[in-house]
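The values are calculated or read from the model by the stated rules, or taken from the named source; none is laboratory data. Since we're looking at a predicted model, the values are computed, not measured. Every residue, glycine among them, receives a Cβ derived from its backbone with ideal geometry; neighbour counts consider all protein chains shown. The accessibility values were calculated without ligands, DNA or RNA, using every heavy atom of the protein model including side chains. Shrake-Rupley method; radii C 1.70, N 1.55, O 1.52, S 1.80 Å.
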Amino acid sequence: LIQDAWRAKRAILNFNNNLQVVANSEWSKTQFQKGLIRTDSQDKLKSATLGVPTWLFEVMDKGTARDSLGIARDAFVVFFSASSLSDARKGGQTVVEALQQCSISNLAVLVVGRADQTLDIENARMVYLGYVDDHELLRSAMSAADIHVSGSTEETFGQVFIEAAMCGLPSIAFDTSGMQTSVAPGISGELVFPFTVQ
């Protein structure tokens, strides 16, 4: 269904001498090299290192953040985000399966994103914040959590991992795609073998 659009993109990228392509991760750069750019057009492809506005994302007091969201201070809080919970590529069901295998008392799960389906985790308090475009609310949610868990199978970069790190929140993600750029193992989180809950 996207054949015509694909051909048009390829033509633009391969034959427009004034066009520069900037990839937001090494994985994205590799995908461009494989699929869109001719060998003699490789000089058009550059990589950019993305950052985050430090005045918007910063560590705040965990207790204060939890109070603002109505979450118990003694809870173990997991942060999960997805643009759409029904999008299988974002791994909501994988996160559910992983958390069900853990014995965590007083578990709370903060869910950010379009809740077009619910996540059912036994004995967990589910807190749905919906799509968040308020940076203060997002910073509070990240600051309230103990860990950010992603089940995503593919990200061109994964900006949420950088934002979480700036709020002092470590991330667990699959060792694949752009997440290999946005998560620094042993520093801002851990990368785990894809795509299993083990």
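Listing for the model above:
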| quantity | calculated |
| --- | --- |
| Boolean, Val59 is more than 15 Å from Thr156 (Cβ to Cβ), touching a residue at least 60 places away in the same chain (Cβ under 8 Å), β-branched (Val, Ile, Thr) and surrounded by 16 or more Cβ atoms within 10 Å (Cβ to Cβ) | no |
| Scope the stretch 1-30; condition touching a residue at least 24 places away in the same chain (Cβ under 8 Å), assigned to a helix (DSSP H, G or I) and under 30 Å from Val183 (Cβ atoms); matching residues | Lys9, Leu13, Glu26, Trp27, Ser28 |
| Qualifying residue in the stretch 119-130 (condition: touching a Ser or Thr at 6+ places or on another chain (Cβ under 8 Å), open to solvent by 10 Å² or more (accessible area, probe 1.4 Å), more than 24 Å from Ser25 (Cα to Cα) and basic (Lys, Arg)) | no |
| Checking Asp133 against (1) touching a residue at least 12 places away in the same chain (Cβ under 8 Å); (2) charged (D, E, K, R); (3) over 22 Å from Phe195 (Cβ atoms), the condition it does not meet | (1) |
| Tabulated pairs, the stretch 179-195, first free of Cβ contacts under 8 Å to residues at least 60 places away in the same chain, second part of a helix (DSSP H, G or I), C-beta under 6 angstrom, 6+ apart or interchain | Val183/Phe161; Ser188/Ala165 |
| Residues of the stretch 151-161 satisfying the condition of being surrounded by fewer than 20 Cβ atoms within 10 Å (Cβ to Cβ) and either out of contact with any Phe, Trp or Tyr (no Cβ under 9 Å at 6 or more places or on another chain) or outside any loop (DSSP other than H, G, I, E, B) (or both) | Gln159 |
| Arg7 vs. criteria modelled with pLDDT of 80 or more and under 30 Å from Ser105 (Cβ atoms) | no |
| Residues located in the stretch 103-133, provided they are of a type outside the set (A, V, I, L, M, F, W, C), in a strand (DSSP E or B), within 20 Å of the chain's Cα centre (by Cα) and modelled with pLDDT of 90 or more | Gly113, Tyr128, Gly130 |
| Pairs with Cβ under 8 Å, 6+ apart, first in the stretch 79-91 and within 16 Å of Ile172 (Cα to Cα) and charged (D, E, K, R), second part of a strand (DSSP E or B) and open to solvent by 60 Å² or more (accessible area, probe 1.4 Å) | Lys90/Ser83 |
| Residue count for the stretch 82-96, restricted to those that are open to solvent by 30 Å² or more (accessible area, probe 1.4 Å) and either among the hydrophobic types (A, V, I, L, M, F, W, C) or under 20 Å from Ala141 (Cβ atoms) (or both) | 4 |
| Scope the stretch 163-184; condition surrounded by fewer than 17 Cβ atoms within 10 Å (Cβ to Cβ) and within 24 Å of Arg139 (Cβ to Cβ); matching residues | Gly168, Ala184 |
